[in-house]
Amino acid sequence: MENMNAYISSLGHFVPQKRVSNDELSKTLDTNDEWIRSHTGIGNRHIASEEETTAYMGYQAAKEALNKRGLTAEDIDMILVATVTPDYHEMPSTACLIQDMLGNKSCAAVDIKAACTGFVYGLEMGKGLINNGTCSRILVIGTERLSRVLDWTNRNNCILFGDGAGAAVLEVNDDETRGVINSLLRAEGSGAGALSHPKGGTKDPFKEGDVVGKDHYLFMDGRRVYEFAVRANTVILKDLMEKNNLSVDDIDWIVPHQANRRIIEAAAKRDKIPIDKFYLNMEEFANTSGASIPLALSDMEEKGLLKRGQKILTVGFGAGLTYGGNYIIW
Ligand code: UT7
């Protein structure tokens, strides 16, 4: 089989209208704008309303990406959804819900559980399915409603996250000079306990009479995740550049998972990469886990920052612990 290339032909995103600033948070939480900005680079986050479910936000982002490309839902062979905050606990998948919202009757639909690295995994998995001829057009979506799994009295982590969605149309392309060139996909399962949603799986299922407690919410060992994140960023960027014979000067943009500005700055310093090569929008959207990279890409496109031929690296890291990156020629 001819080795086809897959490229991102269109992007879309959706964020809830409700925008909550650090100052707003400090009204109900022992925190302040200065601490949050200086420790994370985050200034605001968007919070979903009752109607803005994970599937709904993913659907809106996907619809925008399809519309921009002049496609309908029937033009899609598969929907891959990166999310850690699915509408339903185990089933059905959020991808199936989005398929129905879009009005597609039969395409493949599946969720990817790789947390904040989910979109990075999704691009490479989608590319593989396009290369082997299974699909010719795939929606790769990241969508999250983290506000629903946070303990809003825990200042150690609730200040970090936001809701939103980003979507990419990944298409077959016989032009070898552009597309998702290759990726690094990795995991470190020994760190699984550092970032988790402890309650409600089959290991510790919900039982009749359960009272909502701390283990119903997202748990994060912030320091441990921080150290992992700096190491993961540093290694992925270095290895991706080496794998593709790229020097720092060859790179136009690095689009990292938008977790914390300090993580990115520390990795940039270690890899000797100027910080202005990184596209950062956590100031406005905070950490939207699986949605963060496609949301950043779509935000960049809207601002006219993405140009044909640019060399772009993505880098993701998160629960699992998973990490990875894509090398894309735009
Ligand atoms: O998607 C991937 C997931 N997550 C991440 O990437 C997060 C990785 N971790 C981090 O980004 C950082 O560890 C945090 C931002 C979560 C924490 O930053 P830190 O610099 O490691 O702070 P810390 O936890 O060491 O806390 C320092 C101090 C503590 O006070 P004491 O004990 O020194 O008096 C905290 O209680 O800051 C305090 N603190 C806060 N103060 C005001 C912690 N959170 C807050 C807050 N507002 N929101």
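A few remarks follow.
- Residue 322 - accessible surface, heavy atoms, 1.4 Å probe, Å² rounded to 10: 10 Å²
- Cα gyration tensor shape of the chain, rounded if a/c is under 1.5, else prolate or oblate by comparing a/b with b/c: oblate
- Length gained on full extension, residue 262 to residue 216: 13.7 nm, using 0.36 nm per residue less the C-alpha separation.
- Placing 35, 330 in order of accessible area, with the largest value first and a 1.4 Å probe, yields 35, 330.
- Computed extension gain for residue 242 through residue 206, at 0.36 nm per residue and net of the alpha carbon distance, reaches 8.3 nm.
- The modelled label-to-label distance between residue 310 and residue 35, using points 7 Å beyond Cα along the C-beta direction, is 3.6 nm.
- If the Kirkwood radius is taken over C-alpha pairs of segment 180-329, then at 25 °C and 0.890 mPa s the Stokes-Einstein diffusion coefficient equals 148 µm²/s.
- Cleavage-rule hits, trypsin sites (Lys or Arg not before Pro), segment 249-316, DSSP coil, Cβ neighbours within 10 Å at most 13: 272, 303, 307, 308
- Whole-angstrom Cα spans of segment 5-176 along principal axes, big to small: 54, 32, 27
- Across the protein chains, with a 1.4 Å probe defining accessible surface, the residues 33, 174 rank 174, 33 from largest area downward.
- Point-charge dipole on Cβ atoms (K/R +1, D/E -1) for the chain, about Cα centre, debye to 20: 640 debye
- Probe 1.4 Å, accessible area per residue of the chain, Å²: 43 Å²
- The fraction of all Cα pairs in segment 26-114 landing in successive 10 Å bins from 0 to the largest distance is 15, 37, 24, 17, 7, given as whole percents.
- For segment 204-330, the Cβ-based charge dipole about the Cα centre amounts to some 440 debye (Lys, Arg positive; Asp, Glu negative; other atoms uncharged).
- In the chain, taking the dipole from charged Cβ atoms about the Cα centre, the farthest positive-side position among 201, 157, 104 is held by 157.
- Legend: helices of the chain (whole DSSP H runs) are marked when their alpha-carbon atoms reach 30 angstrom or more along the helix axis and their mean Kyte-Doolittle hydropathy is at least -1.0; marked are 222-243.
- GluC sites (Glu not before Pro), loop per DSSP, at most 15 other Cβ atoms within 10 Å - longest free stretch of the chain: 209-330
The values are calculated or read from the model by the stated rules, or taken from the named source; none is laboratory data. Remember, predicted model here, so these are calculated numbers, not experimental data. We place every Cβ from the backbone using ideal geometry, glycine too, and count neighbours over all the protein chains shown. What goes into the accessible areas is simple: the full protein's heavy atoms, side chains included, and nothing from ligands, DNA or RNA. Shrake-Rupley method; radii C 1.70, N 1.55, O 1.52, S 1.80 Å.
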